[in-house]
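A.B. asks: Pasting a structure below so you can have a look.
The values are calculated or read from the model by the stated rules, or taken from the named source; none is laboratory data. Worth saying up front: this structure is predicted, and the values here are computed from it rather than measured. Neighbour counts run over all protein chains shown; Cβ positions are idealised from the backbone, glycine included.
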Amino acid sequence: MGKNSIIEISNLHYAYGKKPIYEGLNLCIEKGSVYGVLGKNGVGKSTLINILMGYLVPQKGKCLIFGEDSHHLSNEAKAKIALLHEGFISFDYLSIEYIERFFAPFYPNWDRAVFYDLVDLMGLDYAQKLSTLSFGQKSQVVLGTLFAQNAELLILDDYSMGLDAGYRCLFIDYLKAYIAKNEKTVLITSHVMSDLVGLIDKMAIVQKGGSVYQGTIQGFCEQFKCYEAPLDGIFKRDWVHRIEKHLDKQIVYSFQELEGLKELSCDFEAKFLGFVGKY
């Protein structure tokens, strides 16, 4: 394992029956970096997190966290990890203030100020019970309990659930400042591509069937191109990644330079959807 590696995955294979999820995945997440695992629903983002947390065992290959096998993590290694799992559980009958008091004794490095920093972004009364909060407000309280653990590795599985655009922006700004100040390592999944621009250092785009693209957002946007073509245009299969047919044209996505076609200006989200498919 590399000196600065927090997570190292080597030749990972995993499948559900005959459905391959990962086939020979190699991935390294270095200390202090923000790594995004992206893809459509059902391709295996949460499966990867379940493997890293030891809930699932690799069928082949290795997954190491802090140099230990992910399915045999020591208590010392587990204490360095803060996990937000998709579909989190909250204690709705407790107040915000009592939630903080309840969780604090479990974590030696608990930072009360960080918890209330995140709660205060929403202007909530500490005496409010979680049952009285909206789903987005409840999500923010749960994120507060996660960050207050002061863990070395943050795993955020779809952090944006329930957060509207305004609060999402507040949280992303807070996350950027928190990482810069504390040198934390973050593994993040999200369906909101615009949030990730300027946040993640590297990414893996997971596709059905076990194929994974790895790189940076900038590199992906420079290499993956979008073209407009006539409806009767015919292209060699190995030139094209995906074609979308519209009423009067085709939109062609490719890693190749396609001469004679008009290249369209697209942002990261549009290119991401062109890569994984909209449906």
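A.B. asks: Which count do you get for residues in segment 241-279 that are part of a helix (DSSP H, G or I) and surrounded by 15 or more Cβ atoms within 10 Å (Cβ to Cβ)?
C.D. replies: The total comes to 8.
A.B. asks: Let me ask another. Is it fair to say Asp238 is outside any helix (DSSP H, G or I) and free of Cβ contacts under 8 Å to residues at least 24 places away in the same chain? Give the steps one after another, and end with the answer.
C.D. replies: Working: outside any helix (DSSP H, G or I): no; free of Cβ contacts under 8 Å to residues at least 24 places away in the same chain: yes.
So Asp238 fails the test.
A.B. asks: Looking for whichever is over 22 Å from Val34 (Cα atoms), assigned by TED's automatic domain parsing to the domain that holds Leu199 and either surrounded by fewer than 15 Cβ atoms within 10 Å (Cβ to Cβ) or among the hydroxyl-bearing types (Ser, Thr, Tyr) (or both) here; the options are Ala165, Ala127. Which one fits?
C.D. replies: Being over 22 Å from Val34 (Cα atoms), assigned by TED's automatic domain parsing to the domain that holds Leu199 and either surrounded by fewer than 15 Cβ atoms within 10 Å (Cβ to Cβ) or among the hydroxyl-bearing types (Ser, Thr, Tyr) (or both) holds for just one of Ala165, Ala127, which is Ala127.
A.B. asks: Kindly list, by first and then second residue, each pair from a residue in segment 15-34 that is farther than 21 Å from Met203 by Cβ and in the same structural domain as Gly61 (by TED's automatic domain parsing) to a residue that is of a type in the set (S, T, N, Q) and surrounded by 12 or more Cβ atoms within 10 Å (Cβ to Cβ), limited to pairs with Cβ atoms under 9 Å and residues at least 6 apart or on different chains.
C.D. replies: Every condition considered, the pairs that remain are Ala15/Gln59; Tyr16/Thr47.
A.B. asks: Quick check on my filter: what residues within segment 100-131 are assigned to a loop (DSSP other than H, G, I, E, B) and over 20 Å from Ile81 (Cα atoms)? Let's see the steps before the verdict.
C.D. replies: To start, the set of residues in segment 100-131 that are assigned to a loop (DSSP other than H, G, I, E, B) comprises 107-111, 121-128.
Leu121, Met122, Gly123, Leu124, Asp125, Tyr126, Ala127, Gln128, listed by residue number.
A.B. asks: Got a sec? Which of Asp195, Asp157 is in contact with a His (Cβ under 6 Å, 6 or more places away or on another chain), at pLDDT below 95 and in the same structural domain as Val34 (by TED's automatic domain parsing)? I'd like the intermediate steps shown before the answer.
C.D. replies: On the way: Asp195 fails: in contact with a His (Cβ under 6 Å, 6 or more places away or on another chain).
Of the residues listed, the single one that is in contact with a His (Cβ under 6 Å, 6 or more places away or on another chain), at pLDDT below 95 and in the same structural domain as Val34 (by TED's automatic domain parsing) is Asp157.
A.B. asks: If you take the residues in segment 87-122 that are small (Gly, Ala, Ser) and under 25 Å from the mean Cα position of the chain (by Cα), which one is nearest to Lys138 (Cα to Cα)? Can you show your working first?
C.D. replies: Narrowing segment 87-122 to residues small (Gly, Ala, Ser): 87, 90, 95, 104, 113.
From what is left, the residues that are under 25 Å from the mean Cα position of the chain (by Cα) are 87, 90.
Details: Gly87: 12, Ser90: 8 Å.
The qualifying residue nearest to Lys138 (Cα to Cα) is Ser90.
A.B. asks: Looking at (1) within 17 Å of the chain's Cα centre (by Cα); (2) under 25 Å from Gly44 (Cα atoms), which is the one condition that is false for Cys169?
C.D. replies: (2)
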